[in-house]
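Colleague: For reference, the structure I am asking about is given below.
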Amino acid sequence: MWGVIVNRLKQGFRTLSYPKDTPSFPKRFRGKPNVPVDMGKCLFNVDNETAYSQDYRMAVSKKEDLVLKGNEIKLAAALDKKMLRVLGRSLKLREVCAGSCGGCDSGIQAMSNIVFDLSRFGIQFVASPRHADGLIITGPVTKNMELALKKTYEAMPHPKVVIAVGACALSGGPFQGSKEVNDGVDGIIPVDLYIPGCPPHPLTILDGLLRLLDKLK
């Protein structure tokens, strides 16, 4: 018992001070592209390291805003006042893996650890769509998952939000055009928040969620 306490004291306070302080990233981090590109289709590969900034803020409300024409980006807007009154202080999410490789799911899972501590913002994950306020979806929506996704969406009470995470959920990613996938979520159900990346950093996802809930100044 004493060994656990001593070890915990040595670790110190490990939760990030975000959003109070600006987070820092290693040089290899690839954030918002600095060149005209469709972030929904971008896999953030290493073909040209200089094409990426260290700006982790990339979530948008409309799919057309994923297409960068310069360095400017129209970041996600907050929900309307009626939705914020219902969901603004407590948002329960149900995750659906619709054929992803697991990368985006790992980032989503990481948000609940001691470093990011998602629950301090009133956001938590639930096991049933009947207890959820929104869906957070990864993967290109394979044909085998299409019906399951629709049923999950229909099982949620109103009002509800849908969040698409990662290149696969936004456009099909590297599987785009395959007859076995649907090239993303918004062809199946309406999407309220698009979060690009392959996979997106946990802070990119968290930034999008907080913007949706109007929790960022």
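Colleague: Anyone know which of 54, 109, 11 comes out most mobile in the 10 Å Cα GNM of the chain?
Modeller: 11
Colleague: Could you state the accessible area per residue of region 1-87 in Å², with a 1.4 Å probe and every protein chain left in place?
Modeller: Computed with neighbouring chains in place, this is 72 Å² per residue.
Colleague: Of the heavy-atom accessible surface of region 1-131 (probe 1.4 angstrom), what whole percent is carbon and sulfur?
Modeller: Result for region 1-131: 54 percent of the exposed heavy-atom area is carbon or sulfur.
Colleague: Between residue 25 and residue 82, what is the label-point separation in nm under the 7 Å Cα-to-beta-carbon projection?
Modeller: So the label points at residue 82 and residue 25 sit 3.7 nm apart.
Colleague: Moving on to the next point. Determine the calculated [θ] at 222 nm for the chain from helices alone, applying -39500 (n - 2.57) to every DSSP H run no shorter than 4 residues and normalising by the residue count; nearest 500 deg cm²/dmol.
Modeller: -7000 deg cm²/dmol
Colleague: Pairs on different chains or at least eight residues apart, Cα atoms closer than 30 Å: how many lysine pairs in region 28-96 fit?
Modeller: Lysine pairs meeting the criterion: 24.
Colleague: Okay, next question. Please report the accessible area of residue 198 (heavy atoms, 1.4 Å probe, ligands and nucleic acids excluded) in Å², nearest 10.
Modeller: 60
Colleague: Can you match Cα extents along the principal axes in Å to one of these, [x] 43, 39, 29; [y] 58, 45, 35; [z] 68, 33, 32, based on a calculation from the structure here?
Modeller: Read-out from the structure maps to [y].
The values are calculated or read from the model by the stated rules, or taken from the named source; none is laboratory data. Since the model is a prediction, treat every value here as computed from it, not as a measurement. Don't worry about glycine lacking a Cβ; one is built from the backbone with ideal geometry, like all the others, and counts go over all protein chains shown. Accessible surface areas use protein heavy atoms only, side chains included; no ligands, DNA or RNA. Shrake-Rupley method; radii C 1.70, N 1.55, O 1.52, S 1.80 Å.
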